[in-house]
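In what follows, a structure is listed as structure tokens, so that the remarks can point back to it.
Each value in this text was obtained by applying a stated rule to the coordinates, not by laboratory testing. This one's a predicted model, so the numbers in the text were calculated from it and none came from an experiment. Heads up, the Cβs are rebuilt from the backbone with ideal geometry, glycines too, and the neighbour counts pull from every protein chain shown.
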Amino acid sequence: MNLPPVIAIDGPTASGKGTVASLVAQKLGFHYLDSGALYRLVALASEKEGIDVNNGPALGQLAENLQISFRGGQIFLGGEKVTQAIRTEANGLRASNIATQPSVRGALVGLQRSFRQKPGLVADGRDMASVIFPDASLKVFLTASASARAERRYKQLIAKGISAKLEDLLQDLEERDARDSSRGASPLVLAKGAQVLETSNLSIDQAVQTVLDWYQSTSA
Ligand code: CDP
Ligand code: CDP
């Protein structure tokens, strides 16, 4: 059986994965999976339930039974709209903590793979190419310098009216990079066969076009 094609886009925080992946999906008419949102949802739910970030068994059970839905561009946890709440820097840091737990990662595998539907999927995260979709048609490792990424995150927050300090963002980002790359369970790595896209000096359009060109050449 031929499974629908997948474009896997992994990379560190604020490298532009979400922006580039969703635009590539739009251009190709593919589905889009923001896998980080799932870790962010488990992080938020665990905070609400008062579960410690080191309590692997309880976090795994929570992730297994997560009541989530995606409707009209919004994300719901239980019945509550949490689209904005999951995006805070504090919840991002909590997400990177709970994402070190193998119980949480294991609980989310099936859900992530269920997004692979016709005509195809663009998936972004840390382990899309290495663990979740090792047979992806195209594997992209999207990156940019830490300072370019901190600057992007800063502009993104200011545009949303959220106050932020560039130095704090750079520190959070380096902390998150270190944890995501050094953890034992599914660390952020350059997967076998992945192509590196360095975007420090690329516009969003240029990054999107490069991914589309690479995809055309894999399917040519
Ligand atoms: O998903 P991830 O954390 O990797 O990053 P993102 O939220 O997609 O992108 C972070 C910010 O960088 C967004 O505001 C993008 O518009 C911006 N960006 C950019 O300025 N240049 C790029 N080549 C890619 C993203
Ligand atoms: O937007 P940003 O790149 O900062 O983060 P995200 O993609 O929303 O993911 C939040 C956190 O979830 C990351 O710091 C990772 O620790 C974790 N994550 C993961 O471990 N595996 C994934 N496939 C996606 C996210």
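Measure out, as a whole number of angstrom, how far apart the alpha-carbon centroids of region 139-190 and region 1-61 sit. Each part reduced to its Cα centre gives a spacing of 15 Å. Relative to the present Cα-Cα distance, how much length would full extension add between Gln209 and Leu93 at 0.36 nm per residue of separation? That works out to 38.7 nm of additional length.
Restricting the calculation to Cα atoms, region 138-184 shows an Rg/Rh of 1.05 when the hydrodynamic-style radius is the Kirkwood one. Computed from backbone phi with θ = phi - 60° and the Karplus coefficients 6.51, -1.76 and 1.60, the 3J(HN,Hα) list for region 70-80 is 10, 9, x, x, 10, 10, 10, 10, x, x, 8 Hz; x is used for glycine and proline.
Using a simple spin-label model with pseudo-atoms 7 Å out from Cα toward Cβ, Ile158 and Ile68 lie 3.1 nm apart. Expressed in units of 2.2 N^0.38 Å, where N is the residue count, the Cα radius of gyration of region 89-141 is 1.25. Give me the base-10 log of I(q)/I(0) for region 1-71 at each q in 0.28 Å⁻¹, Debye formula, one uniform scatterer per Cα, rounded to two decimals. Scattering profile of region 1-71, log10 relative to I(0): -1.19.
Label-to-label distance for Asn55 and Ser219 is 4.6 nm, based on points extended 7 Å past Cα in the beta-carbon direction.
Our coupling estimate for region 31-45, obtained by passing each phi through the Karplus curve with A = 6.51, B = -1.76, C = 1.60 and θ = phi - 60°, is 6, 10, 10, 9, 5, x, 4, 5, 5, 5, 5, 5, 4, 5, 4 Hz, Gly and Pro reported as x. A full extension of the chain between Ser147 and Glu47 corresponds to an added length of 33.0 nm, given 0.36 nm per residue minus the alpha carbon distance.
Once the convex hull of all Cα atoms in region 6-219 is built, its volume per residue stands at 120 Å³.
In region 101-220, the alpha-carbon atoms span a convex hull of 140 Å³ per residue. Pairs spanning more than 30 Å between alpha-carbon atoms, out of Lys27/Lys48; Lys165/Lys192; Lys17/Lys81; Lys118/Lys155: Lys27/Lys48; Lys165/Lys192; Lys118/Lys155. The mean of 1/r over all distinct Cα pairs in region 64-170, once inverted, gives the Kirkwood hydrodynamic radius of 16.4 Å.
Calculation over all alpha carbon pairs of region 180-220 in 5 angstrom steps from 0 returns a P(r) of 5, 18, 18, 20, 19, 12, 8, 0 percent. Remark: region 200-217, residue by residue, has Karplus-estimated 3J(HN,Hα) of 3, 10, 10, 6, 4, 4, 5, 5, 4, 5, 4, 4, 4, 5, 4, 5, 4, 6 Hz, where x stands for each Gly or Pro and the curve is 6.51 cos²θ - 1.76 cosθ + 1.60 at θ = phi - 60°.
Note on Lys192 and Thr83: the model spin-label points, each 7 Å out from Cα along the C-beta direction, lie 4.1 nm apart.
Magnitude of the charge dipole for region 6-219, about its Cα centre and with charges confined to Cβ atoms of Lys, Arg (+1) and Asp, Glu (-1), is about 460 debye.
Here's the picture: charge each Lys and Arg Cβ at +1 and each Asp and Glu Cβ at -1 in region 1-150, and of Ala107, Asn65, Ile86 the one pushed furthest to the positive end of that dipole is Ile86.
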